[in-house]
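Participant: Before I ask anything, here is the structure I am working with.
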(Lines give C-alpha, C1' and ligand atoms only; values in the text may rest on other atoms or scores of the structure.)
Protein backbone atom coordinates (compact mmCIF):
# COMPACT_ATOMS: atom_id res chain seq x y z
CA UNK A 1 0.00 0.00 0.00
CA UNK A 2 1.16 3.47 -0.78
CA UNK A 3 1.36 6.23 1.80
CA UNK A 4 -1.61 8.07 0.26
CA UNK A 5 -3.84 4.98 0.52
CA UNK A 6 -2.81 4.40 4.13
CA UNK A 7 -3.52 8.06 4.91
CA UNK A 8 -6.93 7.85 3.19
CA UNK A 9 -7.82 4.71 5.17
CA UNK A 10 -6.81 6.35 8.46
CA UNK A 11 -8.83 9.48 7.57
CA UNK A 12 -11.93 7.43 6.76
CA UNK A 13 -11.65 5.48 9.99
CA UNK A 14 -11.12 8.65 12.00
CA UNK A 15 -14.13 10.42 10.48
CA UNK A 16 -16.46 7.46 11.00
CA UNK A 17 -15.17 6.97 14.54
CA UNK A 18 -15.93 10.55 15.60
CA UNK A 19 -19.56 10.37 14.46
CA UNK A 20 -19.12 12.69 11.48
CA UNK A 21 -22.10 12.71 9.13
CA UNK A 22 -23.11 15.11 6.35
CA UNK A 23 -25.47 17.85 7.53
CA UNK A 24 -29.12 16.80 7.24
CA UNK A 25 -28.43 13.07 7.28
CA UNK A 26 -27.87 12.51 10.98
CA UNK A 27 -30.71 10.74 12.79
CA UNK A 28 -33.18 13.07 14.46
CA UNK A 29 -35.65 12.31 17.16
CA UNK A 30 -39.18 12.64 15.80
CA UNK A 31 -40.21 15.19 18.43
CA UNK A 32 -37.10 17.36 17.91
CA UNK A 33 -37.66 17.95 14.22
CA UNK A 34 -39.54 21.13 13.33
CA UNK A 35 -42.64 21.03 11.13
CA UNK A 36 -42.07 22.95 7.89
CA UNK A 37 -44.74 24.12 5.48
CA UNK A 38 -44.02 25.17 1.90
CA UNK A 39 -47.08 26.86 0.41
CA UNK A 40 -47.27 27.49 -3.35
CA UNK A 41 -44.96 30.32 -4.36
CA UNK A 42 -46.33 33.62 -5.62
CA UNK A 43 -45.79 34.27 -9.31
CA UNK A 44 -44.99 37.79 -10.51
CA UNK A 45 -43.59 36.56 -13.83
CA UNK A 46 -45.27 35.79 -17.14
CA UNK A 47 -44.38 32.07 -16.93
CA UNK A 48 -47.63 30.26 -16.16
CA UNK A 49 -47.40 27.52 -13.53
CA UNK A 50 -43.83 28.17 -12.43
CA UNK A 51 -44.95 28.83 -8.84
CA UNK A 52 -46.12 25.22 -8.48
CA UNK A 53 -42.92 23.88 -10.07
CA UNK A 54 -40.82 25.83 -7.56
CA UNK A 55 -42.86 24.77 -4.53
CA UNK A 56 -42.91 21.12 -5.63
CA UNK A 57 -39.13 21.12 -6.10
CA UNK A 58 -38.75 22.51 -2.56
CA UNK A 59 -41.10 19.89 -1.13
CA UNK A 60 -39.19 17.10 -2.90
CA UNK A 61 -35.84 18.36 -1.60
CA UNK A 62 -37.06 18.71 2.00
CA UNK A 63 -38.83 15.34 1.91
CA UNK A 64 -35.45 13.67 1.37
CA UNK A 65 -33.93 15.00 4.59
CA UNK A 66 -34.63 13.83 8.12
CA UNK A 67 -33.96 17.27 9.58
CA UNK A 68 -37.55 18.51 9.21
CA UNK A 69 -41.03 17.11 8.93
CA UNK A 70 -43.32 18.55 6.29
CA UNK A 71 -46.72 19.99 7.15
CA UNK A 72 -49.42 20.37 4.52
CA UNK A 73 -50.97 23.48 6.07
CA UNK A 74 -49.00 26.56 7.16
CA UNK A 75 -51.13 26.90 10.31
CA UNK A 76 -49.91 23.45 11.49
CA UNK A 77 -46.20 24.22 10.95
CA UNK A 78 -43.44 25.60 13.15
CA UNK A 79 -41.65 27.12 10.14
CA UNK A 80 -43.00 28.43 6.84
CA UNK A 81 -40.89 28.73 3.71
CA UNK A 82 -42.48 31.31 1.42
CA UNK A 83 -41.32 32.24 -2.04
CA UNK A 84 -42.08 34.54 -4.92
CA UNK A 85 -40.96 34.12 -8.53
CA UNK A 86 -40.29 37.68 -9.64
CA UNK A 87 -38.66 37.24 -13.03
CA UNK A 88 -38.36 34.62 -15.78
CA UNK A 89 -36.49 35.24 -19.00
CA UNK A 90 -35.51 32.94 -21.86
CA UNK A 91 -32.56 33.99 -23.99
CA UNK A 92 -30.57 32.35 -26.77
CA UNK A 93 -26.97 31.45 -25.94
CA UNK A 94 -25.87 29.28 -28.91
CA UNK A 95 -26.71 29.54 -32.59
CA UNK A 96 -26.51 27.47 -35.80
CA UNK A 97 -26.53 30.69 -37.76
CA UNK A 98 -27.56 34.25 -37.08
CA UNK A 99 -31.26 33.39 -37.29
CA UNK A 100 -31.41 29.96 -35.63
CA UNK A 101 -30.84 29.33 -31.93
CA UNK A 102 -29.74 25.87 -30.75
CA UNK A 103 -29.46 26.45 -27.00
CA UNK A 104 -31.51 28.74 -24.79
CA UNK A 105 -31.08 29.76 -21.19
CA UNK A 106 -33.86 30.25 -18.69
CA UNK A 107 -33.08 32.84 -16.00
CA UNK A 108 -35.31 32.81 -12.93
CA UNK A 109 -35.25 35.23 -9.99
CA UNK A 110 -36.84 34.01 -6.79
CA UNK A 111 -37.30 35.83 -3.47
CA UNK A 112 -37.88 33.57 -0.47
CA UNK A 113 -37.95 33.69 3.29
CA UNK A 114 -38.12 31.34 6.25
CA UNK A 115 -40.40 32.43 9.09
CA UNK A 116 -41.42 31.12 12.48
CA UNK A 117 -45.16 30.79 12.19
CA UNK A 118 -46.13 31.51 15.81
CA UNK A 119 -44.04 34.66 16.26
CA UNK A 120 -44.00 35.74 12.62
CA UNK A 121 -40.27 36.35 12.99
CA UNK A 122 -38.29 36.11 9.77
CA UNK A 123 -35.27 33.86 10.31
CA UNK A 124 -33.76 34.78 6.96
CA UNK A 125 -34.69 36.31 3.67
CA UNK A 126 -32.86 35.92 0.38
CA UNK A 127 -33.12 36.47 -3.34
CA UNK A 128 -31.52 34.19 -5.91
CA UNK A 129 -31.10 34.25 -9.66
CA UNK A 130 -30.73 30.78 -11.12
CA UNK A 131 -29.99 29.83 -14.73
CA UNK A 132 -30.30 26.62 -16.68
CA UNK A 133 -29.67 25.87 -20.36
CA UNK A 134 -31.90 23.77 -22.58
CA UNK A 135 -31.86 22.67 -26.20
CA UNK A 136 -34.09 24.23 -28.84
CA UNK A 137 -36.21 22.07 -31.12
CA UNK A 138 -38.03 23.32 -34.23
CA UNK A 139 -41.09 21.27 -33.22
CA UNK A 140 -43.10 23.55 -30.92
CA UNK A 141 -44.32 20.83 -28.55
CA UNK A 142 -40.87 19.27 -28.15
CA UNK A 143 -39.38 22.74 -27.70
CA UNK A 144 -41.85 23.55 -24.90
CA UNK A 145 -41.11 20.22 -23.23
CA UNK A 146 -37.37 20.96 -23.34
CA UNK A 147 -38.01 24.42 -21.89
CA UNK A 148 -40.11 22.93 -19.07
CA UNK A 149 -37.32 20.45 -18.32
CA UNK A 150 -34.86 23.35 -18.09
CA UNK A 151 -37.16 25.16 -15.65
CA UNK A 152 -37.52 22.00 -13.54
CA UNK A 153 -33.74 21.51 -13.42
CA UNK A 154 -33.35 25.14 -12.31
CA UNK A 155 -36.05 24.63 -9.65
CA UNK A 156 -34.28 21.50 -8.36
CA UNK A 157 -30.95 23.33 -8.20
CA UNK A 158 -32.54 26.20 -6.27
CA UNK A 159 -34.36 23.81 -3.93
CA UNK A 160 -31.11 22.16 -2.89
CA UNK A 161 -29.48 25.56 -2.29
CA UNK A 162 -32.41 26.60 -0.10
CA UNK A 163 -32.33 23.26 1.74
CA UNK A 164 -28.68 23.85 2.62
CA UNK A 165 -29.50 27.33 4.00
CA UNK A 166 -32.44 26.06 6.05
CA UNK A 167 -30.38 23.25 7.57
CA UNK A 168 -27.88 25.83 8.81
CA UNK A 169 -30.63 27.85 10.56
CA UNK A 170 -32.66 25.14 12.28
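The values are calculated or read from the model by the stated rules, or taken from the named source; none is laboratory data. Keep in mind the model is a prediction, meaning the values are calculated, not measured. Methodologically, a virtual Cβ is constructed for each residue, glycine included, from the backbone with ideal geometry; neighbour enumeration extends over all protein chains shown.
Participant: For the condition within 13 Å of the chain's Cα centre (by Cα) and either free of Cβ contacts under 8 Å to residues at least 40 places away in the same chain or farther than 17 Å from residue 159 by Cβ (or both), what is the one hit in 63, 77, 71?
Facilitator: 63
Participant: Here is a list of conditions, (1) surrounded by fewer than 20 Cβ atoms within 10 Å (Cβ to Cβ); (2) closer than 28 Å to residue 139 by Cβ; (3) in contact (Cβ under 8 Å) with a residue 24 or more places away in the chain, and residue 52 meets all of them except one; can you say which number that is?
Facilitator: Failed condition: (3).
Participant: Among the candidates 140, 134, 112, which residue alone is out of contact with any helix residue (DSSP H, G or I) (no Cβ under 6 Å at 6 or more places or on another chain) and buried (at least 17 other Cβ atoms within 10 Å of the Cβ)?
Facilitator: From the options 140, 134, 112, the qualifying one is 112.
Participant: Restricting the search to the range 137-170, which residues are free of Cβ contacts under 8 Å to residues at least 40 places away in the same chain, closer than 30 Å to residue 35 by Cα and not in a helix (DSSP H, G or I)?
Facilitator: Residues satisfying the conditions do not exist here.
Participant: Quick one: would you say residue 78 is at pLDDT below 95, surrounded by 12 or more Cβ atoms within 10 Å (Cβ to Cβ) and either touching a strand residue (DSSP E or B) at 6+ places or on another chain (Cβ under 8 Å) or under 20 Å from residue 36 (Cβ atoms) (or both)?
Facilitator: yes
Participant: Continuing with the same structure: Taking the range 95-109 on its own, how many of its residues are within 25 Å of residue 40 (Cα to Cα) and crowded, with 16+ Cβ neighbours inside 10 Å?
Facilitator: Here the count works out to 4.
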